[in-house]
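The values are calculated or read from the model by the stated rules, or taken from the named source; none is laboratory data. Being a predicted model, the structure only gives us computed values, none of them experimental. So basically every Cβ, Gly included, is an ideal-geometry build from the backbone, and we count neighbours across all protein chains shown. The protein model used for the area step is the full one, side chains on, heavy atoms only, and it has no ligands, DNA or RNA in it. Shrake-Rupley method; radii C 1.70, N 1.55, O 1.52, S 1.80 Å.
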Amino acid sequence: MHGNVGGLNVKLFATLPHKKYPIFIERGILQQLGSLLTEIWSPRKIAVVSDHHVAPLYQERIIRQLEAAGFRTAAFQVPAGESSKSWKTAVRLYRALTNNQFTRSDGVLALGGGVVGDLAGFIASTYMRGIAYIQVPTSLLAQVDSSVGGKTAINLDTAKNIVGTFHQPDAVFIDPDTLQTLPQRFLCEGYAEIVKMSALEGETFWQMTGEVHHPQDIVTQAEPLIHQSIAYKTKIVCKDEKEAGLRQVLNFGHTIGHAIELLSNGALAHGEAISIGMVQITQCFKDYGLTKHGTLDGLVQRLQQTGLPLKSTLMNTADFYRQIINDKKNHGGRLTLVYLKAPGQPAMHSIPISQAEFFFTGKKSLKSE
């Protein structure tokens with residue numbers, strides 16, 4: 001998985017059946033972005049998509065680099081936050097690309113967190129039936145999860161990420177130095193996904209997250225934590241790009257998490273909702289006797305160290321179960337739940353969607369499934 005691009009050592013490649021792309025993880029790499037892109041893309045017009053929080057920090061300097069390297073650019077900004085992953089914003093960006101005469105030979109650069117990455121990736125995957133794009137994630141959540149794997153999406157009122165595509169980027173550039181400008185809350189939010197990956201991988205990675213005792217430890221250990229997370233995710237994605245089987249384990253904590261995130265109306269960040277989702281699903285399977293003793297305690301300890309939430313009053317409400325019905329993991333009236341037998345031993349259990357309330361409240365025996 002090692003190689004060189006533009007003189008930089010590429011520690012990871014995502015190698016898929018029809019595509020292979022480099023993933024750079026290096027402090028200060030954004031200072032070299034223009035020259036590095038000449039190794040990946042031919043001269044073209046680039047739409048640099050960012051949000052109102054990230055753009056003032058990085059967009060102008062990156063545009064200067066790109067233009068110095070011979071690229072033409074157009075800058076676009078969207079409001080920060082989940083509400084930008086909408087048809088309204090997508091249509092606005094489509095029109096902007098058209099007005100700026102973007103063609104199939106041009107590209108999109110997603111500069112920002114997970115919202116920008118998902119939105120810009122979706123635009124790239126659907127504009128003119130698909131143009132190239134590159135991910136430059138600036139939040140920890142995007143760096144360890146959404147920037148790699150090719151999932152792109154927008155939301156509808158009834159469900160998160162319900163309209164989307166699989167569209168792999170041409171490269172991912174991760175600069176841990178961007179975490180210095182990230183508020184602590186969102187640093188910890190991203191760490192929830194690192195804990196998730198470590199719980200799924202187990203062994204050395206699980207031990208590594210056990211050594212994080214304070215939010216500042218996330219910053220000082222950022223490179224190895226990001227590397228381990230991306231290495232695990234690329235391993236899974238390369239075996240199951242379209243989430244037909246194995247890739248579903250990456251949804252650990254997400255069935256509950258997505259439901260309460262939507263119901264919170266912005267009060268919960270994605271990683272905070274996933275933290276709650278992981279704890280609650282693990283508690284559920286522990287109660288059913290399918291999760292090894294100590295697993296839940298280890299998970300809670302890791303999340304608590306950085307102040308992540310563990311429970312929500314939104315659980316087990318009528319609205320919660322209505323959201324569960326709209327979950328993407330609802331197949332043919334059955335819901336696939338990801339749980340841990342133990343760290344490093346993820347498993348899946350399917351239940352009828354009609355029995356979800358009985359299952360989550362402990363009123364349904366697994367033996368009857």
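Among the residues in the stretch 64-74, are any in contact with a helix residue (DSSP H, G or I) (Cβ under 6 Å, 6 or more places away or on another chain), among the aromatic types (Phe, Trp, Tyr), crowded, with 18+ Cβ neighbours inside 10 Å and farther than 29 Å from Leu268 by Cβ? Checking the stretch 64-74: not a single residue is in contact with a helix residue (DSSP H, G or I) (Cβ under 6 Å, 6 or more places away or on another chain), among the aromatic types (Phe, Trp, Tyr), crowded, with 18+ Cβ neighbours inside 10 Å and farther than 29 Å from Leu268 by Cβ. Residues that are open to solvent by 10 Å² or more (accessible area, probe 1.4 Å) and part of a helix (DSSP H, G or I) within the stretch 123-140 comprise Ser125, Thr126, Tyr127, Met128, Arg129, listed in sequence order.
Being open to solvent by 20 Å² or more (accessible area, probe 1.4 Å) and at pLDDT 95 or above holds for only one residue in Arg27, Arg104, and it is Arg104. With the requirement that a residue be open to solvent by less than 40 Å² (accessible area, probe 1.4 Å) and of a type in the set (S, T, N, Q), what does the stretch 166-211 give you? The answer is Gln168, Thr178, Ser198, Thr209. The set of residues in the stretch 233-256 being in a loop (DSSP other than H, G, I, E, B) and within 15 Å of Lys196 (Cα to Cα) consists of Phe252, Gly253.
Does Gln301 meet the test of being polar (S, T, N, Q), under 23 Å from Gln184 (Cβ atoms) and in contact (Cβ under 8 Å) with a residue 12 or more places away in the chain?
Numbers: polar (S, T, N, Q): yes; under 23 Å from Gln184 (Cβ atoms): yes; in contact (Cβ under 8 Å) with a residue 12 or more places away in the chain: yes.
Spelling it out, Gln301 is indeed polar (S, T, N, Q), under 23 Å from Gln184 (Cβ atoms) and in contact (Cβ under 8 Å) with a residue 12 or more places away in the chain.
Of all residues in the stretch 92-134, those being at positive phi and among the small types (Gly, Ala, Ser) number 2.
Being out of contact with any Leu (no Cβ under 9 Å at 6 or more places or on another chain), touching a residue at least 24 places away in the same chain (Cβ under 8 Å) and among the acidic types (Asp, Glu) is a property that Asp118 has. Close Cβ contacts (under 7 Å, 6 or more residues apart or on different chains) running from residues in the stretch 353-369 that are assigned to a helix (DSSP H, G or I) to residues that are at pLDDT 70 or above and of a type in the set (A, V, I, L, M, F, W, C) comprise Ile353/Ile325; Ile353/Leu335; Ala356/Ile324; Ala356/Leu335; Phe359/Ile351; Phe360/Cys284. Looking across the stretch 267-291, the residues that are open to solvent by 10 Å² or more (accessible area, probe 1.4 Å) and within 21 Å of Gln143 (Cα to Cα) come down to Leu268, Ala269, His270, Glu272. In the stretch 1-114, counting only strands (runs of 3 or more DSSP E) that sit wholly within it, the ones holding 3 or more residues that are over 23 Å from Ala222 (Cβ atoms) span 45-51, 72-78. Residue check: is Asn161 at pLDDT below 95 and at positive phi? Yes. Only residues that are open to solvent by 60 Å² or more (accessible area, probe 1.4 Å), under 22 Å from Phe359 (Cα atoms) and in a helix (DSSP H, G or I) were counted across the stretch 292-325, and they come to 5.
Residue count for the stretch 77-95 under the criterion of being surrounded by fewer than 21 Cβ atoms within 10 Å (Cβ to Cβ) and closer than 15 Å to Gln59 by Cβ: the result is 3. Among the residues of the stretch 156-164, at least one is small (Gly, Ala, Ser) and open to solvent by less than 10 Å² (accessible area, probe 1.4 Å). Between Glu241, Glu261, the distinction of being modelled with pLDDT under 95, open to solvent by 10 Å² or more (accessible area, probe 1.4 Å), in contact with a Pro (Cβ under 8 Å, 6 or more places away or on another chain) and not basic (Lys, Arg) belongs to Glu241 only. Among the residues of the stretch 40-59, the one identified as in contact with a helix residue (DSSP H, G or I) (Cβ under 8 Å, 6 or more places away or on another chain) and open to solvent by 30 Å² or more (accessible area, probe 1.4 Å) is Leu57. Do we find a residue being of a type outside the set (Gly, Ala, Ser), under 24 Å from the mean Cα position of the chain (by Cα) and at pLDDT 90 or above anywhere in the stretch 351-363? No, the stretch 351-363 contains no residue that is of a type outside the set (Gly, Ala, Ser), under 24 Å from the mean Cα position of the chain (by Cα) and at pLDDT 90 or above. Going by what's in this entry, would Thr138 be described as more than 17 Å from Leu16 (Cβ to Cβ), of a type in the set (Ser, Thr, Tyr) and in contact (Cβ under 8 Å) with a residue 24 or more places away in the chain? Yes. Per the listing Ser229, Ser264, the residue uniquely in contact (Cβ under 8 Å) with a residue 24 or more places away in the chain and more than 25 Å from Thr317 (Cα to Cα) is Ser229. For the stretch 68-85, the criterion of being touching a Phe, Trp or Tyr at 6+ places or on another chain (Cβ under 9 Å), under 24 Å from Gln143 (Cα atoms) and touching a residue at least 60 places away in the same chain (Cβ under 8 Å) is satisfied by at least one residue.
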